[in-house]
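The values are calculated or read from the model by the stated rules, or taken from the named source; none is laboratory data. Since this is a predicted model, take the numbers as computed values, not measurements. Cβ sites come from the backbone with ideal geometry, for glycine too, and all protein chains shown count toward neighbours. Heavy atoms of the whole protein, side chains included, go into the accessibility calculation; ligands, DNA and RNA do not. Shrake-Rupley method; radii C 1.70, N 1.55, O 1.52, S 1.80 Å.
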Amino acid sequence: QVQLVESGGGLVQAGGSLRLSCAASGSIFSINAMGWYRQAPGKQRELVAAVTSGGSTNYADSVKGRFTIFRDNAKNTVYLQMNSLKPEDTAVYYCNGDIVGSRNFVPRNYWGQGTQVTVSS
């Protein structure tokens, strides 16, 4: 069984920074793309940033230049460094990963439980 566990959310003032972490654990053979999504109250879940196994990244226009996604493949962990935070970044942030399990070698998509990020003005 594979799990994604996020950490690092919290309350921060506008202009501040936070770093989110997401660690994958369990019967893992390999991890392909990993990403961060967010969902604000009353809004749809949206992609914030994603990174491939090779390190290629893409970002939502709203976070370009402020957020950085990176991963540590040895630790099966993906990070989201968030700088210059704005009140509109307030949301629940979810980790997502395309993971191949070591039991059946079938790729599946997994979600973390979410971590709250609140940016005060």
Are any of the residues in segment 16-29 buried (at least 18 other Cβ atoms within 10 Å of the Cβ), of a type in the set (A, V, I, L, M, F, W, C) and over 30 Å from residue 120 (Cβ atoms)?
yes
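Identify, please: which residue in segment 106-117 is within 15 Å of residue 28 (Cα to Cα) and of a type outside the set (S, T, N, Q) and is, among those, most open to solvent (accessible area, probe 1.4 Å)?
So the residue we want is 108.
Would you check if residue 45 is in contact with a strand residue (DSSP E or B) (Cβ under 7 Å, 6 or more places away or on another chain) and not aliphatic (A, V, I, L, M)?
Values: in contact with a strand residue (DSSP E or B) (Cβ under 7 Å, 6 or more places away or on another chain): yes; not aliphatic (A, V, I, L, M): yes.
Considered against the rule, which asks whether it is in contact with a strand residue (DSSP E or B) (Cβ under 7 Å, 6 or more places away or on another chain) and not aliphatic (A, V, I, L, M), residue 45 comes out as yes.
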Candidate set from segment 41-85 (those that are basic (Lys, Arg) and not in a helix (DSSP H, G or I)); member that is farthest from the chain's Cα centre (by Cα):
43
Which condition from (1) at pLDDT 95 or above; (2) loosely packed, with under 13 Cβ neighbours inside 10 Å; (3) of a type outside the set (A, V, I, L, M, F, W, C) is the one that residue 1 breaks?
(1)
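Report the residue count in segment 70-100 for those that are touching a residue at least 12 places away in the same chain (Cβ under 8 Å) and either farther than 12 Å from residue 20 by Cβ or open to solvent by 10 Å² or more (accessible area, probe 1.4 Å) (or both).
Taking segment 70-100 first, the residues touching a residue at least 12 places away in the same chain (Cβ under 8 Å) are 70-71, 73, 75-100.
If we keep only those that are either farther than 12 Å from residue 20 by Cβ or open to solvent by 10 Å² or more (accessible area, probe 1.4 Å) (or both) too, we end up with 70-71, 73, 75-77, 79, 81, 83-84, 86-88, 90, 92, 94, 96-100.
Going through segment 70-100 one residue at a time, the tally reaches 21.
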Sole miss for residue 103 among (1) open to solvent by less than 60 Å² (accessible area, probe 1.4 Å); (2) part of a loop (DSSP other than H, G, I, E, B) is condition (1)
Can you name the residue in segment 30-47 that is open to solvent by 60 Å² or more (accessible area, probe 1.4 Å) and basic (Lys, Arg) and, of all such residues, is nearest to residue 114 (Cα to Cα)?
45
Selection over segment 48-61 where residues are loosely packed, with under 14 Cβ neighbours inside 10 Å and closer than 20 Å to residue 9 by Cα yields a count of 0
